[in-house]
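Accompanying notes for the structure given below.
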Amino acid sequence: CMMMENVNYGREELVVLNMCRMGVFGELLHGEAAYIHDLRGQMREIERGTGSWRTTHYTKRNGNLYPTHGLGPVAQYMNINRGDRIDFMSSVSCPSRSRALYAEKNFPEGSIRRRQKFICGDLNTSIAKTVQGKTLMIQWDEQLPRPYTRHNLIQGTRGAWGGFPNRCVIEGKTKSTESWVQAPDLAALMAEYEHPLWKRVGEEAVKAGGHGGMDFVMLWRIVYCLRNGEPLDQDVYDAATWSAVTPLSEASVANRGRSMDFPDFTRGKWKSMKPLGIVS
């Protein structure tokens, strides 16, 4: 059973995974993950599933309702469930404003959108700590006017990577630890640490499309594993862990940001599970 989290197969995410496995950033200490995407326009899609189910969520729940896009790759960088696991987390939400304002501006009097009472905070921030003491910041916002980002930040003792825009600093390799290496200078670093999977099918993936090729790479990899009897890159415990952020964040928000214990879905097997390898 595999959650088809396509973001784990993006070129940048695979590059960072490769760098983490090679120890480029030293010991990993902190990660930041997010799904920040202005999707208020979907409220107009009343006849489509997206507009209906997504909008209705905001009238019933208050927390981080969509954590896996940002968290999936960062969890794999940090070996969550494979040598470490999330121990506890706490969560807070800001007030709910944007969807009611959008409905008032864009829908006529008497519209179902105007009648809905939105309770989900416009932006949710969750902070988590692992058993090994590492920290995670997970954010979610699908309604405020702000450019798209998944953060995709990983910090270690020797350097860091941040996304949107992609940037990197590596002690002893880049010129300074006080300024980011960004495009176009980042191209050489990305080529140096290109993931073998992207080297193999990346060109074909870009041609095929689908979120920059990540959809193609994900499907290619699933088929390859099934054909060759290899374990899938994301197991059912990963799916449960990444998804559990939603109900735990709701419980924490409802209790003044109170810390919530994170379930050990692996029942202790995380201690002996091997980190996701770099497949060739």
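What size of dipole, in debye to the nearest 20, comes out for segment 67-129 about its Cα centre when the only charges are +1 on Lys and Arg C-beta atoms and -1 on Asp and Glu C-beta atoms?
Numbers: 10 positive and 5 negative charges, 48 e Å.
Dipole size: approximately 220 debye.
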Label-point separation in nm, LEU144 to ASN228, each point 7 Å along Cα→Cβ: 4.3 nm
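Take peptides 158-166, 64-72 and line them up by average Cβ neighbours within 10 Å, highest first, as a rough protection proxy.
Listed from highest to lowest mean packing, they are 64-72, 158-166.
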Output for segment 111-141: trypsin sites (Lys or Arg not before Pro) sitting in coil per DSSP, at most 15 other Cβ within 10 Å, listed by number, reads LYS117
Förster radius 25 Å - calculated FRET efficiency between MET22 and SER259 (Cβ-Cβ, nearest 0.05): 0.15
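For the chain, with only Lys/Arg (+1) and Asp/Glu (-1) charged at the beta-carbon, what is the dipole magnitude about the Cα centre, in debye rounded to 20? Write out the running numbers ahead of the final one.
On the way: 36 positive and 30 negative charges, 137 e Å.
For this selection, approximately 660 debye.
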Quick check: from the Cα gyration tensor, does segment 134-280 come out rounded (a/c under 1.5), prolate or oblate? oblate
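For segment 36-151, compute Rg over Rh where Rg is the Cα radius of gyration and Rh is the Kirkwood radius from the inverse mean 1/r over Cα pairs. Don't jump to the answer; show the numbers that get you there.
Values: Rg = 16.4 Å, Rh = 15.5 Å.
On the Cα set of segment 36-151, Rg over Rh gives 1.06.
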Under a Cβ-only charge scheme (Lys and Arg +1, Asp and Glu -1), can you give me the dipole magnitude of segment 183-280 about the Cα centre, in debye to the nearest 20? 340 debye
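None of the figures in this text is laboratory data; all of them are computed from the coordinates on show. Everything numeric in this text was worked out from a predicted model, so none of it was measured. Positions of Cβ are generated from backbone atoms using ideal geometry, with glycine treated the same way; all protein chains shown enter the neighbour counts.
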